[in-house]
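**Student:** Below: one structure in C-alpha cells.
Throughout, read-outs are computed from the coordinates displayed, never taken from laboratory work. The model shown is predicted, which means the values in this text are computed figures rather than measured ones. Positions of Cβ are generated from backbone atoms using ideal geometry, with glycine treated the same way; all protein chains shown enter the neighbour counts.
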Amino acid sequence: MREEERKIVADALQMALDAGVDAARMCIEASGENSVTILDGNVDGIMSASSRALYMQLFVDGHYGSFSTNRLDYADLREFIRKAAESTSMVVKDPCRTLPRRELCYAGDSAGELEQCDLSLDQMGIDERIRLAKGCAEEVLGHPKLISVETEWGDSTEYEYMADTEGLSVSNLRSVCTLSANCTIRGRGDEKPEGGWFDSDVFTGKVQTEGIGAKALQRTLDSLGARKTRSGEWPLIVENTCSSQLVHPLISVLNGAALQQDNSFLKAHIGEQLFPEAMNIWDRPRTRNNYGSRCYDDEGLATRDRAVIDHGRIATCFINTYYGNKLGMDVTVDGPSLLRFEKDCDITKKPLTLQDMMKELDKGILITGFNGGNFNPSTGDFSYGVRGFLFEGGRKVRPVNGMNVTGNFIRLWQGLLLAGDDALKSNRWRIPSLAFSGLSFSGE
Amino acid sequence: MTETYFDLFGVTPDNLERLMVSALSRGGEYADIFFEYTTTDELLLRDHVVNSVESTADYGAGIRVIRDERTGYAFSEKTDMRDLEKAALFAAGIADAPVLPRTAPGLRPVQFTNHYPILQGWDVFTLEKRKAWITELDRRLHEASPVIRKVTCALAFSIKKVMFYNSDGDFFCDLRPMTSVHLTCVAQKDGKSEMLSYSRSYRVGSEMLTDSLRDGIVSYIATRLEPLFDAGRPKGGEMPVVLGSGSSGILLHEAIGHAFEADFNRKGISIFAERMGQKICSEKITVVDDGTVAGNRGALNVDDEGIPGQKTYMVTEGVLTSYLHDRISARHYGVAPTGNGRRESFRYEPIPRMRATYMLDGDCTEEDLIHSVRKGIFVDNFTNGEVAIGEGDFTFYVKSGWMIENGRLTAPVKDINIIGNGPQALADITGVAANSVLDDSTWTCGKDQYCPVSCGMPSVLVSSLTVGGSSL
C-alpha cells in the first residue's frame, strides 16, 4: 500500500512538470479510522472509514497555487494538475514563494525515530472496540443521578509521504486511540449538567481503560449546584485540562502570517524578557511515542527542540519559507508540535499538585473549563466564559459557572504565580495547572 | 441532470438497488446512500495583489444503515462497486436480526423547489474579472479608511453535487453552490493596532459579486474600524443588553437552536427535553428554522436524508412547537422529519442541524428598546458562540458595540464575552423590534461536523445577561 502511495506522488510530480510547473511539492495522506459509540450501555453507532488525498503546491514561473484532490485515478489526476498549473499561472507573481532550502529539510527515518504507530491496531476487531467502550459505560450505569452516558472508542492510523522536485522524500506513520465518556445528570429544575473525561495514547495497551466513566461522572456530580459568584478581581488557577487555551493565543501570534500582517500583540516584544522568569515553554517535537510529535513540518522543514518562551523571553517565532522570505527572518518551522511548560526555575522550586496551588493562593477561582469567548490578536485582549470552583482556605467551596473572565494576555502571563507538575499526557500540549494573580471576573 | 450524475459517480440505477440489498442484508430497517462531489476554488489577496490560488476536489459516497435507532456507517472515496459493496456490508453490520429476502425499491424522485438557482456561472466571471474585483475592493478600502495597514481577502466558490437513494426508494440529485467573500483589515493609529473582519456568503453563483456588495463592504469597514481605537470594556456584571438586528441571531443559534435539535432531546440531555407544547417565553416571540430562503447560506432544497426543504416553527408566539428532526429523532417522537438531517460531507452520517434560524418581527423600534435602558450595552457585531446543551449556558463574543447610559448610546465597547442561560434569556426578552434581518456572514456551525448556516433577528432587549468586562 505504501509503495502505491509513493508511486502516486512520484507520478503526480512528473505530471506537474509535464504541465509546465517549475517546481512542486506533493504530499499524500492515507488514513484509516474506526469508532464505536455506546449509548446507555447499548451500541448506538459503528463507523469505519479509509481516506486518501493528495495535497500539492505548485510554483509556475514565480506564480503560486495550492491544491488538493482525492480523485487519484490517473486520468482525473492529470487533468486536475493541468488545470491547477493553468490557474496558478494566472495569479500575480510572488518571488517569495519558493520550495524550502534543501539543507533545512528533514532527511531521516521519521517513523523509526518517533515510533508513534501501534501496528497491532490492524488486528483489533470490532468486538474488542465494543467491549472497551461498554466497559467504560458500565462503571456508571445505575447511578441514581444519571440521565445518559455516551462512551466511545475511536482509533485511527495515518500514513503520509511527501516529496518535492528538489529531492525531498520523507514519510511518517502514526496512530492514536481514544476512550471517552460523557455523562448527563439531573440538576436543579430542568438543568442537566454534563461532563466528560477521556484518555488517549499512541498505543492501544497504554490507553487507560478503567476509571474513565467513573471520572466523567464524578466531575459532573462535582459541578452540581454551580452558580455565579460576585463580580470582582479574583486570583485564579486554570486546571491542566484547559490551561493550553491560555498558551494557544501566544503561539498563534508568533507565526509568520500574523507577524507579516501586523496582526500580533507580541510582534513588538520578540526577543524581550516580557514574562516572568518562571515562564519556560519548549517545543519538543522529537518526543518518542507521542501522537503530536513530528520530524518535519508541512513543507519538509526539519523540526528540533526549541525554547519558545525562554525564562520569560520570547525566543522563537514560527516562520516558514514564504514568510521567512517576506520578512527577511530566519526560517524555523510552521508551528509547534509538542509544547511543554518546563519548570527548571519555578518560583517554588518544588513539585506542586493542584491542591498545593489552592493552598498557596488560599482564595480564588479554579477554572476547569472555558465556555466560548475569544481574543483580539492585535491587542491581546480576551474575554472567556468559565466554569469551575470557588476556593477558600485552600479548598473547593462550591462550583461556579455562568461567569466571564476578561483581561489581556500580556498582563495575564506577567501575573503568573505558580505552575503545577500535573500536565496530562493525553493532551496534545503538555501544559500543567497554572496560577495567576487577580483577573476581572463578571458574575453577580 | 440525473443522467449526468449517474455518469459522474460511475453507477447505474441497478447498481444502487444492488447496494441497497447489501446494506439491508443483516436486518437493517432503513438505509441510504449519499454520493458527493465537491469542488472549491479560492483566490487570495495579500499585500495589494492576488498572489495565491487554491482548489480542492472531494469525491466519495457514504452508506448508512439504521436498526432500532442504532447507526452503522461507512464511506468510500472510490465509487466502483467493489468498494461500495464493502462499505454497504460494514454498515449493514449494525443490525443482527433475522433477515427475510429483500428487494430494493425502484428509484422514486423526490419533488422539491430549487431555492438556489445559479443566475451567472463562474465560467462567465473569469479569473481575471475576479482578480480585478478583489483588487479594486482592496484599493477602495485603503482609500476609505487611511488607518488600514493590511488587508487580506479570500474569494471562494464551491459546487457540491449530491446524489441520494434510500430504502424507501427516495432518490434525488442536487447542485449546491456557495460563494463567499471574507476579509480581515488590520489598522494602526497612534501606535495601537486593531483588526476587523467582514464576510458575506450565499448559495448563488458569480452574480453575488456586484458593485453594491463592494460598496457595502467598504462602508461597513470605514464606519466600524476606526471607532475600535476608542473602544473599551464596560464594567462587567449582569445588565440589560440590547441586541441589534441581524447577526444577533447568534443568540438564537446558541441559546435555543442547539437545545432544540432533537438528537439531544431524544437522549434526554437537552434543557428543553420535556418542554414541548409549553410556553417558554413571551408571546411576542416566534422563532423559525428555514431551509427555503432563496440563495441563503442555510438554504437546502432537500436535506441529506431526502426530506424536501421546509420552514419549521420552533417557537410560535412563545410556545415550543417543534424540535429540529432528522429521520431517527422523528421516528423516536412519532412525527414527520423537518428536513434538518444534514452532514458535512459523505464522510459523516446526517444528524439534526439548523439551517437559517431567525426570529420574526415584534412590535416596537430599536430606538424604543435603547431608550428604555438606563444602564446597559448595545451589541451588534459578533465573532463566535458556544453552548453547553444540558445546562443551557450559552456565550457569544462581541467584537463591537456601545454603552447605553440613560437611554442613549455613549462610549464604544469591544472584545467582550456575554454569557447567559438559554431558557432564562428567552424568558428575559422583554422587547422585540419590527426590524428582523437575516445576517449573511459566513456562519459555520461546528456541532461535531461543520455545516453552513445563517441566523437573524430583530433588535431585542434582554433584561439581564452577564457581560464580561473590568472589575473597576
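**Student:** For B:ASP290, what charge total do you get from the other residues with a beta carbon under 9 Å from its beta carbon, if Lys and Arg give +1 and Asp and Glu give -1?
**Tutor:** Values: positive: B:LYS311, B:ARG355; negative: B:ASP289.
So the environment of B:ASP290 carries a net charge of +1.
**Student:** For the pair B:ASN114 and A:ALA268, what calculated FRET efficiency results from E = 1/(1 + (r/R0)^6), where r is the Cβ-Cβ distance and R0 = 41 Å, to the nearest 0.05?
**Tutor:** 0.15
**Student:** To continue, here is another question. Ranked from highest to lowest mean number of other Cβ atoms within 10 Å per residue, what is the order of the peptides B:236-243, A:210-217?
**Tutor:** Put in order of decreasing packing, that is B:236-243, A:210-217.
**Student:** Project the alpha carbons of segment A:1-104 onto their principal axes and report the range along each, largest first, in whole Å.
**Tutor:** On the principal axes, segment A:1-104 reaches 60, 30, 28 Å in Cα extent.
**Student:** Same structure again: Give the angle, between 0 and 90 degrees and rounded to the nearest 10, that separates the Cα long axis of helix B:13-23 from the longest principal axis of the Cα atoms of chain B.
**Tutor:** 90
**Student:** Give me a single rounded figure for B:235-242: the average over its residues of other chain Cβ atoms within 10 Å of their Cβ.
**Tutor:** That works out to 4 on average.
**Student:** Would you report the distance distribution of C-alpha pairs in chain B as whole percents per 10 angstrom bin, up to the bin with the largest distance?
**Tutor:** 4, 19, 26, 25, 17, 7, 2, 0
**Student:** With each pseudo-label sitting 7 Å past Cα toward Cβ, what's the B:LYS192-B:ALA132 distance in nm, one decimal?
**Tutor:** Here the modelled spin labels are 4.1 nm apart.
**Student:** Could you sort out which of B:LYS279/B:LYS447; B:LYS131/B:LYS447; A:LYS134/A:LYS228; A:LYS425/B:LYS160; A:LYS192/B:LYS375; A:LYS326/B:LYS78 sit more than 31 Å apart by Cα distance in this structure?
**Tutor:** Checking Cα-Cα distances, B:LYS131/B:LYS447; A:LYS134/A:LYS228; A:LYS425/B:LYS160; A:LYS192/B:LYS375; A:LYS326/B:LYS78 exceed 31 Å.
**Student:** Next question, about the same structure. Normalised by the empirical 2.2 N^0.38 Å for globular proteins, what value does the Cα Rg of the protein assembly as shown take?
**Tutor:** Against the empirical 2.2 N^0.38 Å value, I get 0.93 for the protein assembly as shown.
**Student:** Still on this model: Note the per residue figure in Å³ for the convex hull of the C-alpha positions in segment B:266-374.
**Tutor:** Hull volume over Cα atoms, normalised by residue count, gives 146 Å³.
**Student:** State the Kirkwood hydrodynamic radius of segment B:84-224 in Å, one decimal place, computed from all pairs of distinct Cα atoms.
**Tutor:** Over segment B:84-224, the inverse of the mean reciprocal pair distance is 19.2 Å.
**Student:** Around A:VAL247, under 12 Å between beta carbons, what's the net of Lys plus Arg minus Asp minus Glu among the other residues?
**Tutor:** For residues surrounding A:VAL247, the net value is +2.
**Student:** Moving on. Sort all Cα-Cα distances of segment A:232-442 into consecutive 10 angstrom bins from zero, then give the percent of pairs in each bin up to the one containing the longest distance.
**Tutor:** For segment A:232-442, the pair-distance distribution reads 9, 33, 36, 17, 4, 0.
**Student:** Obtain the nm distance between the two label points defined at B:THR316 and B:GLU143 by a simple spin-label model: each point lies 7 Å from its Cα along the Cα-to-C-beta direction.
**Tutor:** 5.2
**Student:** Right, here's the next one. Per DSSP H run of n ≥ 4, the term is -39500 (n - 2.57); total these for chain A, divide by its residue number, and report the mean residue ellipticity at 222 nm rounded to 500 deg cm²/dmol.
**Tutor:** Values: 10 runs with 96 residues, N = 444.
Helices in chain A give a 222 nm mean residue ellipticity of -6500 deg cm²/dmol.
**Student:** Report the FRET efficiency, 1/(1 + (r/R0)^6), for B:ASP363 and B:SER212, where r is their Cβ-Cβ distance and R0 is 51 Å, rounded to 0.05.
**Tutor:** 0.95
**Student:** Long-range amide H contacts for B:SER464: which residues qualify at under 5 Å (H placed 1.01 Å from N, peptide plane, sequence gap of 5 or more or a different chain)?
**Tutor:** The list, which skips near neighbours in sequence, is B:VAL241.
**Student:** Normalise the Debye intensity by I(0) for segment A:62-160, one equal point scatterer per Cα, no solvent, then take log10 at q = 0.16 Å⁻¹ and round to two decimals.
**Tutor:** -0.95
**Student:** Calculated FRET efficiency, A:GLU79 and A:ASP40, Cβ-Cβ r, R0 56 Å, to nearest 0.05? Show your work: numbers first, answer last.
**Tutor:** Numbers: r = 50 Å, r/R0 = 0.89.
After rounding, the FRET efficiency stands at 0.65.
**Student:** Here is a further query. Rg to Rh ratio, segment A:2-222, alpha-carbon atoms and Kirkwood radius?
**Tutor:** Reported Rg/Rh, Kirkwood definition of Rh: 1.15.
**Student:** How many nm separate the modelled label positions at B:MET276 and A:ASP22, each set 7 Å beyond the Cα in the direction of the Cβ?
**Tutor:** 6.5
**Student:** Can I ask one more? Take the Cα pairs of segment A:185-325, get the Kirkwood Rh, then feed it into Stokes-Einstein at 20 °C and 1.002 mPa s and tell me D in µm²/s. It would help to have the intermediate numbers written out before the result.
**Tutor:** Values: Rh = 19.1 Å.
Diffusion coefficient, whole number: 112 µm²/s.
**Student:** I've got another one for you. For segment B:9-153, what is Rg from Cα atoms divided by 2.2 N^0.38 Å, rounded to two decimals? Display every interim value, and only then the final one.
**Tutor:** On the way: Rg = 23.7 Å, N = 145, 2.2 N^0.38 = 14.6 Å.
After normalising by residue count via 2.2 N^0.38 Å, the value is 1.62.
**Student:** I'd like the Karplus ³J(HN,Hα) series for segment B:85-93: coefficients 6.51, -1.76, 1.60, θ = phi - 60°, whole numbers in Hz, and an x wherever there's a Gly or Pro.
**Tutor:** Per residue, the Karplus-derived 3J(HN,Hα) values read 4, 4, 5, 4, 5, 5, 4, 4, x Hz.
**Student:** Can you give the local net charge around B:ASP168? Use residues other than it whose beta-carbon is closer than 12 angstrom to its beta-carbon, Lys and Arg +1, Asp and Glu -1.
**Tutor:** Residues close to B:ASP168 contribute a combined charge of -2.
**Student:** Next up: Can you list residues whose amide H is under 5 Å from A:LYS145's amide H, if they're 5+ apart or on another chain and H is modeled 1.01 Å from N?
**Tutor:** Correct list: empty.
**Student:** Also, I was wondering about something else. When all C-alpha to C-alpha distances in segment B:237-467 are sorted into bins of 10 Å, what percent of pairs does each bin hold, rounded to whole numbers?
**Tutor:** 9, 35, 36, 15, 4, 0
**Student:** Please work out whether segment B:204-295 counts as rounded, prolate or oblate from its C-alpha gyration tensor, where a ≥ b ≥ c are the square roots of the eigenvalues and a/c under 1.5 means rounded, while otherwise a/b larger than b/c means prolate and anything else oblate?
**Tutor:** It comes out oblate by the Cα gyration axes.
**Student:** Tell me which residues come under 5 Å, amide H to amide H, from A:GLY380 once H is placed; ignore anything under 5 positions away on its chain.
**Tutor:** Residues meeting the criterion, in which the H sits 1.01 Å from N, are A:PHE265.
**Student:** Moving on to the next point. How long are the three semi-axes of the equivalent ellipsoid of chain A, in whole Å, if each is the root of 5 times an eigenvalue of the C-alpha gyration tensor, listed from largest down?
**Tutor:** Three semi-axes, in Å: 41, 30, 19.
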